[in-house]
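Okay, structure first, notes after.
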Amino acid sequence: MSIAILNVAILASAIVGYFISISLVTISFYKSRANNYLSLALFLLTSFTLLGSIGIEDTILEFLNNPTLEYVFAVTLFTYFLIQIENVLLTKNWYKWLYLPFVCSLVIETLVFFYDLNLDDLVLLFLDNSSFVFNLFLIFWGRNLIKKSSVSSDKKHWLLRLNFFFIFIMIMWFISSVEFYLFESEYFTALLLMTLSFFSWWILYYGVFKLQLIIQKEEIHRYLVAKKMKVNLQTPKKVDHNRASKVLTELYRLMQEEELYKNPLLSRLDLANRLNISEGYLSKIINQETDKSVIQFVNTYRVESAKNLLHDSMFNKYSVEAIGMEAGFKSKSAFYKTFNTSLGMSPGAYRKLQKRPDS
């Protein structure tokens, strides 16, 4: 592999890593206590990967490239996962001792670099290898805690995927170190850098974005439950209870009281089963009563729910997509398409319209 390709891989990895780490703490959508730690972890990962691949001998950067930063990376990443799953370990007095390896390493590296303290090669080898073991231990510990946590399945899915990304990086990091010590080559290091560049963008940006939407959706839901806010929904058509069947009355109750429409996976079969009728009969009575199909009927409630949330200034800090998820839409595209069909404008345009003084 040519030096030019390796340099491009290093530069691309650094640019992507630093861009995402800075975005997590500067873009309002991502700002949170948990993402502050994730940003620092990614910044450190990018830094010691970059510093380990360029000529830094006999400079202050050589001091920074030693295992010291790697010990900070392990704890910050572990803290990120603990915050996301709201684990009680964060409140334990002994938790601060996880920073002890970092402090010890910092002292040793300072003595070696600034005071020319000569250490046995075995000590230096121990520092290098123990940092890897420490990182791997905390990442797998975090993974185990995520699996046992009571967070939603969607949130758990994304946290485990993010955790696996770091396990994958650790494995590649180990292989590249073995290659360097045994063969004094850096082919796998170049592959590590290119992989880190690609997966950093795909998982740490796309994945964190999806996770942030899930978090916002859960915050909206918790607020609505805590305040016991019932979203005012206009039924598609006033029901004349003198002629409405028990099935139709129960259907409106399920929509208004149990809010079945908020289940993004709700199907015609699910709704029919709740009413103890066939799918065909369900379609028939909804069509006769509202002139809509079953999905159009359910989406009417979802649109009305989203309208109420978009109109309420309390939810201005939450993204439009998170509001669509809370209203029951499965995807951003489905939300935008249905909302636009219903109102002739996008959810974002509707929110802006509601903010006008004369609206």
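The values are calculated or read from the model by the stated rules, or taken from the named source; none is laboratory data. None of these values were measured; they are calculated from a predicted model. With ideal geometry, Cβ positions are generated from the backbone for all residues, glycine too; neighbour counts draw on all protein chains shown. For accessibility, only protein heavy atoms count, side chains too; no ligands or nucleic acids. Shrake-Rupley method; radii C 1.70, N 1.55, O 1.52, S 1.80 Å.
Consider residue 148 carefully, then state whether it is touching a Ser or Thr at 6+ places or on another chain (Cβ under 9 Å), at pLDDT 85 or above and open to solvent by 20 Å² or more (accessible area, probe 1.4 Å).
No.
Return yes when residue 246 is open to solvent by 20 Å² or more (accessible area, probe 1.4 Å) and modelled with pLDDT of 90 or more and no when it is not.
no
In the range 257-275, which residue that is open to solvent by 50 Å² or more (accessible area, probe 1.4 Å) and free of Cβ contacts under 8 Å to residues at least 12 places away in the same chain is farthest from residue 327 (Cα to Cα)?
Among those that are open to solvent by 50 Å² or more (accessible area, probe 1.4 Å) and free of Cβ contacts under 8 Å to residues at least 12 places away in the same chain, it is 273.
Any chance the range 292-311 includes a residue that's without any contact (Cβ under 8 Å) to a residue 12 or more places away in the chain, of a type in the set (D, E, K, R) and either surrounded by fewer than 21 Cβ atoms within 10 Å (Cβ to Cβ) or part of a helix (DSSP H, G or I) (or both)?
no
Out of the residues in the range 101-125 that are at pLDDT below 70 and either among the aromatic types (Phe, Trp, Tyr) or in contact with a His (Cβ under 9 Å, 6 or more places away or on another chain) (or both), which is surrounded by the most Cβ atoms within 10 Å (Cβ to Cβ)?
113
Could you list, in sequence order, the residues of the range 26-44 that are closer than 20 Å to residue 166 by Cα and either free of Cβ contacts under 8 Å to residues at least 40 places away in the same chain or among the small types (Gly, Ala, Ser) (or both)?
Scanning the range 26-44 gives 34, 36, 39, 40, 41, 43, 44.
Please work out which one of (1) assigned to a helix (DSSP H, G or I); (2) modelled with pLDDT of 75 or more is the condition residue 193 fails and give its number.
(2)
Restricting attention to the range 1-54, and to residues there that are open to solvent by 70 Å² or more (accessible area, probe 1.4 Å) and among the polar types (S, T, N, Q), which single residue is modelled with the highest pLDDT?
By that ranking, first place goes to 36.
Looking at the range 175-188, is at least one residue of a type in the set (S, T, N, Q) and at pLDDT 65 or above?
Yes, some residue in the range 175-188 is of a type in the set (S, T, N, Q) and at pLDDT 65 or above.
Rundown of residues vs (1) outside any loop (DSSP other than H, G, I, E, B); (2) modelled with pLDDT under 90; (3) open to solvent by 60 Å² or more (accessible area, probe 1.4 Å), yes/no style:
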{"position": "324", "(1), (2), (3)": "yes, no, no"}
{"position": "329", "(1), (2), (3)": "no, no, no"}
{"position": "334", "(1), (2), (3)": "yes, no, no"}
{"position": "337", "(1), (2), (3)": "yes, no, yes"}
{"position": "341", "(1), (2), (3)": "yes, no, yes"}
{"position": "351", "(1), (2), (3)": "yes, yes, no"}
{"position": "354", "(1), (2), (3)": "yes, yes, no"}
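If I filter the range 206-221 down to residues being open to solvent by 20 Å² or more (accessible area, probe 1.4 Å), at pLDDT below 80 and not hydrophobic (A, V, I, L, M, F, W, C), which single residue comes out as farthest from residue 259 (Cα to Cα)?
206
If a residue must be closer than 19 Å to residue 263 by Cα and assigned to a helix (DSSP H, G or I), how many such residues does the range 143-166 contain?
Counting residues in the range 143-166 that are closer than 19 Å to residue 263 by Cα and assigned to a helix (DSSP H, G or I) gives 5.
Quick check: anything in the range 81-96 open to solvent by less than 60 Å² (accessible area, probe 1.4 Å) and modelled with pLDDT under 85?
Within the range 81-96, none of the residues are open to solvent by less than 60 Å² (accessible area, probe 1.4 Å) and modelled with pLDDT under 85.
So which pairs qualify, if the first residue must be in the range 85-106 and closer than 30 Å to residue 154 by Cβ, the second must be of a type outside the set (Lys, Arg) and open to solvent by 80 Å² or more (accessible area, probe 1.4 Å), the Cβ gap must be under 9 Å, and the two must be at least 6 apart or on different chains?
What qualifies is 85/150; 86/150.
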